[in-house]
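Structure record follows, encoded as structure tokens.
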Amino acid sequence: MKNKFILAISSLFCLATFAVAQDAPQVVPAAEPAPVAAPAPVEAPAEQSVAAPAPAAEQTDPAPVVAPAPNEPTNASAANQTAQNGESVPVIFYYANSTEPQQQNQPQPVVAPQPQPVTVAPYQPAPVPAPAPKLHPKQTIHYGVQASIGTSEFEGEDNDDLDEGLTWNAGAFVTMPISDYIFSFELGSQFIYRKESNSFTQSNRTTYEREARKDKIVAYSLGFPLQMNINATRSGVVNFFIGAEIEVPLYNNLQISINGNKRVDQDLHEDHCAPMSWDFIMGMGINATSHFGIYTRVNLGISDIYDDLYIRDDGKDEYWSFRAVDLSIGLRLFL
């Protein structure tokens, strides 16, 4: 009975020491306890053996105390339960003189992820969408002004032509569409200036000497072109036109000089000018922007400008019937 009491006290001491070691964050080694007298051995049945505890004085390093598993019963409780059942079961006790500080949980090494091989896909250019078809605006009514300059010539039948000429004109126009993109009709009015001359030599009928002669006509008129415009493309950048022009004379003056001396200075407007004349016109234009363009035009006279024009010089009568031929280039400004 005395030996069992001593063993129970020793077991409680070990369990208390183990609990203190588990609760403390850092365990300081305790001082070695005083040596305890070894108890007398207890007789056990032959088939069972009881392990004798090792003397505490011979241990230099304290042995760790192994705690029983939470689900397993301790040796003391197992022995008590066996004693209650009336069976003799050997009880094994483990003694420890001191406890060691429990090792704290060491941080687990962090393994860096291994770089994965990167597969670079071949370069694929982005598909370029097809350009959308450009929608051109439909034709509308346009107003504008225009001016041109060029060369002019009076062609006659029974006399020399007046082929040293200059012409310029300026006016306004309005364009009215006939179709959405291609055809349009244009009506305009313009002021026309012409200066025609011709220089040559002739023989004097009396002295048979050569003399220099110069004929010159200065004319002003109003022109009213009527033309059909045809666009080469739906955008209307390049266009052609064809039509007719009516001219109404305003002023015509004829001058004839012999060797620098003026022999004739006659106003042709009242007696010899036709009330109107007709020209056939054609040409082409380029609209650089929506407000600016250039054009070139040819005027071909259809009817005579003058009626019953007779010129008497030194007893020689000349009948003049002229038709104008103009070639000009100009600018157009769309308002």
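All of the numbers you see were taken from the coordinates with simple rules; none came from a lab. Computed from a predicted structure; not experimentally measured. So basically every Cβ, Gly included, is an ideal-geometry build from the backbone, and we count neighbours across all protein chains shown.
Kindly identify segment 142-334 as rounded, prolate or oblate by the Cα gyration tensor criterion: order the square roots of the eigenvalues as a ≥ b ≥ c, call it rounded if a/c is under 1.5, otherwise compare a/b with b/c, prolate if a/b is larger, else oblate.
Details: a/c = 3.08, a/b = 2.62, b/c = 1.18.
It comes out prolate by the Cα gyration axes.
Output the peptides 174-187, 134-147, 215-228 sorted from most to least packed, where packing is the average of other Cβ atoms within 10 Å over each peptide's residues.
Numbers: 174-187: 15.0, 134-147: 13.3, 215-228: 18.6.
Going from most to least packed, we get 215-228, 174-187, 134-147.
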Using the basic label-point model (7 angstrom from Cα toward the beta carbon), what is the Glu211 to Ser257 distance in nanometres?
1.5 nm
Under 5 Å, built H, 5+ apart or other chain: amide partners of Asp161
Gly156
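Roughly how many debye, to the nearest 20, is the charge dipole of segment 142-334 about its Cα centre, given +1 on each Lys and Arg Cβ, -1 on each Asp and Glu Cβ, and no other charges? Can you show the working numbers first?
Working: 15 positive and 29 negative charges, 178 e Å.
With Lys and Arg at +1 and Asp and Glu at -1, about 860 debye.
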Candidate cut points under GluC sites (Glu not before Pro) in segment 106-176, DSSP loop plus at most 12 other Cβ atoms within 10 Å of their own Cβ, are Glu157
Projecting each Cα onto the charge dipole of segment 142-334 (Lys/Arg +1, Asp/Glu -1 at the beta carbon, about the Cα centre), which of Pro177, Gly156, Leu222 comes out farthest on the positive side?
Pro177
Computed E for Ala132/Ile286 - FRET, C-beta separation, R0 30 angstrom, nearest 0.05
0.70
